[in-house]
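S.K.: Here's a structure for you.
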């Protein structure tokens, strides 16, 4: 791929996986986003709840929730969001985009972005981790040829495409579809998206959706957090563990017995 810098850099990144102690132990699921083109740019809304489970337990029962996950990532002047799996062999979605940016000469055009990203991940990740990543629903948003553009990739249906100038894309159908207009500002679209996401969670009894909804605005001059800018900067699960061990991270446990399970799971990962 023309946007991958060189094979040496890729080999240096691949060495991460051979030394990654977290690759098959902890899983974190991600939930919901809405991306929309407004009157003054593009808005990406993403809630921040991560559902933590033990990957070695076949039931994948949720042990706890963390409301500080960053499901929206930034690369240059573009924004990304995902639904599905939030952790890939110890690397958060934000970390995957960070690793991709490290080997890119420059961000590829949005219409080619997912082809390049998936190619990179296929070279960078073990097969099982890549398959996990490639099964996600993702969007990338920015400007292409001067037009506000949102591109999507659906790993379940194996399709992708782009919209520009007007339109929106969401993880699932919400009231947003009835309230959307490209004449509405990103700031107000963000407020509509927050209501839509929380209503969807309530109506569908989705405990996995919650926490602050982060709103990223993208316009022709760059990217800006306009609601709930992330507090932490986690690219890797080891970054999360560091803050967890310093008691900076609050978890919501699904039962009292899971307090001990989570503690033991995290302790075993650090041995």
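The values are calculated or read from the model by the stated rules, or taken from the named source; none is laboratory data. All figures in this text were calculated on a predicted structure; none of them were measured in a lab. Cβ coordinates were reconstructed from backbone atoms using ideal geometry, including for glycine residues, and neighbour counts include every protein chain displayed.
S.K.: If you check residue 197 against the conditions, is it closer than 23 Å to residue 68 by Cβ, crowded, with 21+ Cβ neighbours inside 10 Å and out of contact with any helix residue (DSSP H, G or I) (no Cβ under 6 Å at 6 or more places or on another chain)?
M.R.: For residue 197, the condition - closer than 23 Å to residue 68 by Cβ, crowded, with 21+ Cβ neighbours inside 10 Å and out of contact with any helix residue (DSSP H, G or I) (no Cβ under 6 Å at 6 or more places or on another chain) - is met.
S.K.: Further question: Within the bounds of the stretch 119-127, is there any residue that is surrounded by 14 or more Cβ atoms within 10 Å (Cβ to Cβ), closer than 24 Å to residue 209 by Cβ and without any contact (Cβ under 8 Å) to a residue 60 or more places away in the chain?
M.R.: No, the stretch 119-127 contains no residue that is surrounded by 14 or more Cβ atoms within 10 Å (Cβ to Cβ), closer than 24 Å to residue 209 by Cβ and without any contact (Cβ under 8 Å) to a residue 60 or more places away in the chain.
S.K.: Condition first: over 17 Å from the mean Cα position of the chain (by Cα) and touching a residue at least 40 places away in the same chain (Cβ under 8 Å). Can you find one or more residues in the stretch 138-145 that meet it?
M.R.: yes
S.K.: Looking at the stretch 187-201 only, could you name the residues that are within 23 Å of residue 110 (Cβ to Cβ) and within 19 Å of the chain's Cα centre (by Cα)?
M.R.: Matches in the stretch 187-201: 190, 193.
S.K.: To continue, here is another question. Scan 57, 78 and give me the residue that is at pLDDT 90 or above and either out of contact with any strand residue (DSSP E or B) (no Cβ under 9 Å at 6 or more places or on another chain) or at negative phi (or both).
M.R.: Matching residue, one of 57, 78: 78.
S.K.: Just need a number here: residues in the stretch 211-233 that are touching a strand residue (DSSP E or B) at 6+ places or on another chain (Cβ under 6 Å), part of a loop (DSSP other than H, G, I, E, B) and either modelled with pLDDT of 95 or more or more than 25 Å from residue 264 (Cβ to Cβ) (or both).
M.R.: Summing the residues that are touching a strand residue (DSSP E or B) at 6+ places or on another chain (Cβ under 6 Å), part of a loop (DSSP other than H, G, I, E, B) and either modelled with pLDDT of 95 or more or more than 25 Å from residue 264 (Cβ to Cβ) (or both) in the stretch 211-233 gives 2.
S.K.: If we keep just the residues of the stretch 237-260 that are more than 23 Å from residue 209 (Cβ to Cβ) and part of a helix (DSSP H, G or I), which is modelled with the lowest pLDDT?
M.R.: 238
S.K.: Still on this model: I'm told residue 30 meets every condition in (1) farther than 24 Å from residue 260 by Cα; (2) crowded, with 22+ Cβ neighbours inside 10 Å except one. Can you identify the failing condition by its number?
M.R.: For residue 30, the failing item is (1).
S.K.: For the stretch 261-271, name all the residues that are free of Cβ contacts under 8 Å to residues at least 24 places away in the same chain and closer than 23 Å to residue 211 by Cα.
M.R.: 263 - this is the single residue of the stretch 261-271 that is free of Cβ contacts under 8 Å to residues at least 24 places away in the same chain and closer than 23 Å to residue 211 by Cα.
S.K.: Just the residues that are in contact with a helix residue (DSSP H, G or I) (Cβ under 7 Å, 6 or more places away or on another chain) and under 15 Å from residue 65 (Cα atoms), please, taken from the stretch 225-250.
M.R.: Answer for the stretch 225-250, where residues must be in contact with a helix residue (DSSP H, G or I) (Cβ under 7 Å, 6 or more places away or on another chain) and under 15 Å from residue 65 (Cα atoms): 241, 244, 249.
S.K.: If I filter the stretch 77-87 for residues that are closer than 22 Å to residue 157 by Cβ, surrounded by fewer than 23 Cβ atoms within 10 Å (Cβ to Cβ) and in contact with a helix residue (DSSP H, G or I) (Cβ under 7 Å, 6 or more places away or on another chain), do I get at least one hit?
M.R.: Yes: the stretch 77-87 contains one or more residues that are closer than 22 Å to residue 157 by Cβ, surrounded by fewer than 23 Cβ atoms within 10 Å (Cβ to Cβ) and in contact with a helix residue (DSSP H, G or I) (Cβ under 7 Å, 6 or more places away or on another chain).
S.K.: Within the stretch 160-186, take every residue that is within 27 Å of residue 203 (Cβ to Cβ) and without any contact (Cβ under 8 Å) to a residue 60 or more places away in the chain and give me the one that is nearest to the chain's Cα centre (by Cα).
M.R.: Only one residue fits best here, namely 173.
S.K.: Identify, please: which residue in the stretch 227-267 is farther than 30 Å from residue 190 by Cβ and within 20 Å of the chain's Cα centre (by Cα) and is, among those, surrounded by the most Cβ atoms within 10 Å (Cβ to Cβ)?
M.R.: My answer is 241.
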